[in-house]
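The values are calculated or read from the model by the stated rules, or taken from the named source; none is laboratory data. None of the values given here were measured: they were computed from a predicted structure. Counting neighbours? That spans all protein chains shown, and the Cβs are built from the backbone with ideal geometry, glycine included. When the accessible area is computed, the model is the full protein with side chains, heavy atoms only, and any ligands, DNA or RNA have been set aside. Shrake-Rupley method; radii C 1.70, N 1.55, O 1.52, S 1.80 Å.
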Number of protein chains: 2
Amino acid sequence: MPINRRIVIANLPQGGEISSSTFRMEDGEVPQPEPGTVLCRTTAIFVGSALRRVMGSYLQPGMLVMATGVARVVASRDASFSEGDTVLAPTGWQEYALLKPSQISAKLPSADNALDYLGPLGGSGLAAYHGLVTVGRVQASEVVVVSAAAGSVGQLAGQFARIKGARVIGVCGGADKVDVLTAKLGFHHGINYKEGNIQEELKAGCPEGIDLYFDNTSGPILEAALLQMKRGGRIVCCGRLSEPHDYDSEHVPAGPRGVPGLLIQRRISMLGLWAPDLAAEDEKARNEIRAWLESGELTRLVDITHGLENAPASLIGNLAGGNVGTRIVMLE
Amino acid sequence: MPINRRIVIANLPQGGEISSSTFRMEDGEVPQPEPGTVLCRTTAIFVGSALRRVMGSYLQPGMLVMATGVARVVASRDASFSEGDTVLAPTGWQEYALLKPSQISAKLPSADNALDYLGPLGGSGLAAYHGLVTVGRVQASEVVVVSAAAGSVGQLAGQFARIKGARVIGVCGGADKVDVLTAKLGFHHGINYKEGNIQEELKAGCPEGIDLYFDNTSGPILEAALLQMKRGGRIVCCGRLSEPHDYDSEHVPAGPRGVPGLLIQRRISMLGLWAPDLAAEDEKARNEIRAWLESGELTRLVDITHGLENAPASLIGNLAGGNVGTRIVMLE
């Protein structure tokens, strides 16, 4: 009888730190598809930092770890799906997922380039596009700064800005990442925030000021960017990796210095982004991103780990800033 | 020989606090108009908190205190102006101002209602209108909160919102001010932030949340409003009365808690407003405000002091939160 290996929450992270003891591998049964369901074999899952935020709220001990995955239909009891179809779906961290058709995000045209749907054509790509284009309204010749620029969203936001004709500066945590940004992805300049003074580095890297800052981190990098914004600049608030925990009534950290005074003095807008709100624009976004992939203007940058059992280590490495590009765990 | 009484800066405020010793009254000569100049007799000046911000930068010891005033042309050596014309101009705190035509902001239709140009049709009205309408895009039925709601800008922003069909809650510093807002100006609710807990009062006053927050204060009221914002809400950052000093490299206060996390979670926009940037929309704004004045929908609220010698006390009272409405010093 086939086994469905799956990873569940063993213990909620103590002190907020996710570790290998947060997770437990279980052997489950492979479910049998009832009428109106589709059995899928997970082939790849996306590993993203958002998991950290749902620990203890949406994710409780004993629950399957949530994840978006690419999967192959192995048995279908629904007319819309056939064995062999490739789908994008919330598979979770498991080898087999039994899904209702309404749960399946999309049937993919083929298994070729299916991983694009975990990166540039998936949630990361849409967040990057909507932040930079739909909300940020990037213009050619503008100066764009992206933080967490080697991360899944940041590397795409920076590339999109470059393709749109902007001058792009990426802020990331390591000289090796700076090399990837500038040598492989066409960023015009890279800053390793772990060396030197971020304020001085931003001044040197964009002495004329910043038109559009795509913020994935909050914290000191946001503060430094605020001080370097041009008049009329826009800050798209997409993520806050430097603030590990969700807000509750007790623990809301102080905001960046300069808000709201600098916003007034320099007529800056700070725009909170939640990409799913902009789903009406997803098709337009995907069409443009797809064209950039096909023309070769957009470089695929993936960071692949093999084996479901290595998913916890992949996530922990991601949270520690270890990834470059879209972090994916391949299951077969 | 006629004398031009004028008030200059005697000493820069120590520890940031403006006091009567900041100023000195001087007797000057009334200047003779050269060809291409216009001699004006100041009839009224606007007293605003912005003066505090320019002390030590634009305003140095010995300099005439800056102010926008309404004045009567007493002698003109320029073809565009005639004796008896009423003008709006940067007269400063003095009885007579010799001005070039390019310095004069506007020739007013008559002396009737000329004070409107220091309030609803002047800088305060334009800041309120552009913040609420041009940038804030207020909609009928929205919930609008205004801080410093009894101040020169706030009382107008609140009234404009009420005329546009919004539900308006004003936050101000005193039970007497709350009475003015609700009884005279048509605010739907008023909150005295000096009593009770501002967070609880905002929850009680707009339990459904805030669509548009017009911020004149920054500080704890901004923090409380942030926590009460609806999804997709807008915060127009117009002023920061709770932060008396301008930013320098040493002294930039921490920003409001919840930025940027709440901006992301609730898709909130914070929009820095500098009304002079929107001068292209001024005529449209003035036309609409003028119509509201003529129809009686907009109530004039002025706080008048008589005598140039009382201008320092008027400013000091304003900075201490003493004013209700547009604070004006009449010179004759």
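Does B:Arg24 fit the bill of being in contact (Cβ under 8 Å) with a residue 12 or more places away in the chain, closer than 22 Å to B:Pro13 by Cα and either among the hydrophobic types (A, V, I, L, M, F, W, C) or in a strand (DSSP E or B) (or both)?
yes
Of the residues A:Leu99, A:Leu64, which is closer than 28 Å to A:Asn216 by Cβ, modelled with pLDDT of 95 or more and buried (at least 17 other Cβ atoms within 10 Å of the Cβ)?
Every option except A:Leu64 fails the conditions.
Name every residue in region B:102-122 that is closer than 21 Å to B:Arg6 by Cβ and surrounded by fewer than 18 Cβ atoms within 10 Å (Cβ to Cβ), in order of residue number.
B:Gln103, B:Ser105, listed by residue number.
For residues in region A:291-328 being among the polar types (S, T, N, Q) and in contact with a helix residue (DSSP H, G or I) (Cβ under 8 Å, 6 or more places away or on another chain), which is modelled with the lowest pLDDT?
So the first thing to find is which residues in region A:291-328 are among the polar types (S, T, N, Q), and the list is A:295, A:299, A:305, A:310, A:314, A:318, A:323, A:326.
Narrowing the set further to residues that are in contact with a helix residue (DSSP H, G or I) (Cβ under 8 Å, 6 or more places away or on another chain) leaves A:299, A:305, A:323, A:326.
Values: A:Thr299: 98, A:Thr305: 96, A:Asn323: 81, A:Thr326: 94.
Result: A:Asn323.
Going through region B:137-185 one residue at a time, which ones are at positive phi and open to solvent by less than 30 Å² (accessible area, probe 1.4 Å)?
B:Ala148, B:Gly174 - these are the residues of region B:137-185 that are at positive phi and open to solvent by less than 30 Å² (accessible area, probe 1.4 Å).
Does B:Leu301 qualify as being crowded, with 23+ Cβ neighbours inside 10 Å and either under 21 Å from the mean Cα position of the chain (by Cα) or more than 14 Å from chain A (Cβ to nearest Cβ) (or both)? Before the answer, list the steps.
Values: crowded, with 23+ Cβ neighbours inside 10 Å: no; either under 21 Å from the mean Cα position of the chain (by Cα) or more than 14 Å from chain A (Cβ to nearest Cβ) (or both): yes.
No.
When only residues in region B:282-294 that are open to solvent by 70 Å² or more (accessible area, probe 1.4 Å) and within 26 Å of B:Asp211 (Cβ to Cβ) count, which is farthest from the other protein chains (Cβ to nearest Cβ)?
Of everything passing the filter in region B:282-294, B:Asn287 is farthest from the other protein chains (Cβ to nearest Cβ).
For region B:267-279, enumerate the residues that are open to solvent by less than 60 Å² (accessible area, probe 1.4 Å) and within 7 Å of chain A (Cβ to nearest Cβ). Full working, then the answer.
Let us first name the residues in region B:267-279 that are open to solvent by less than 60 Å² (accessible area, probe 1.4 Å), namely B:267-273, B:275, B:278-279.
B:Arg267, B:Ile268, B:Ser269, B:Met270, B:Leu271, B:Gly272, B:Leu273 - these are the residues of region B:267-279 that are open to solvent by less than 60 Å² (accessible area, probe 1.4 Å) and within 7 Å of chain A (Cβ to nearest Cβ).
I'd like to check something: does region A:37-56 contain any residue that is within 27 Å of A:Leu108 (Cα to Cα), assigned to a loop (DSSP other than H, G, I, E, B), modelled with pLDDT of 95 or more and open to solvent by 50 Å² or more (accessible area, probe 1.4 Å)?
Within region A:37-56 (the criterion being within 27 Å of A:Leu108 (Cα to Cα), assigned to a loop (DSSP other than H, G, I, E, B), modelled with pLDDT of 95 or more and open to solvent by 50 Å² or more (accessible area, probe 1.4 Å)), the answer is no, since none of the residues qualifies.
Return yes or no: is B:Gly196 touching a residue at least 12 places away in the same chain (Cβ under 8 Å), in a loop (DSSP other than H, G, I, E, B) and surrounded by fewer than 23 Cβ atoms within 10 Å (Cβ to Cβ)?
no
Within region B:250-266, restricting attention to residues that are more than 7 Å from chain A (Cβ to nearest Cβ) and farther than 15 Å from A:Gly239 by Cβ, which residue is surrounded by the most Cβ atoms within 10 Å (Cβ to Cβ)?
Ranking the candidates gives B:His251 first.
Yes or no: A:Leu331 more than 27 Å from A:Asn192 (Cβ to Cβ), open to solvent by 20 Å² or more (accessible area, probe 1.4 Å) and at pLDDT 95 or above?
On the way: more than 27 Å from A:Asn192 (Cβ to Cβ): yes; open to solvent by 20 Å² or more (accessible area, probe 1.4 Å): yes; at pLDDT 95 or above: yes.
Answer is yes for this residue.
Pick out, from region B:246-332, the helices (runs of 4 or more DSSP H) lying fully within it that include 1 or more residues that are more than 26 Å from B:Leu185 (Cα to Cα), without any contact (Cβ under 8 Å) to a residue 40 or more places away in the chain and touching a Leu at 6+ places or on another chain (Cβ under 9 Å).
Hits in region B:246-332: B:261-266.
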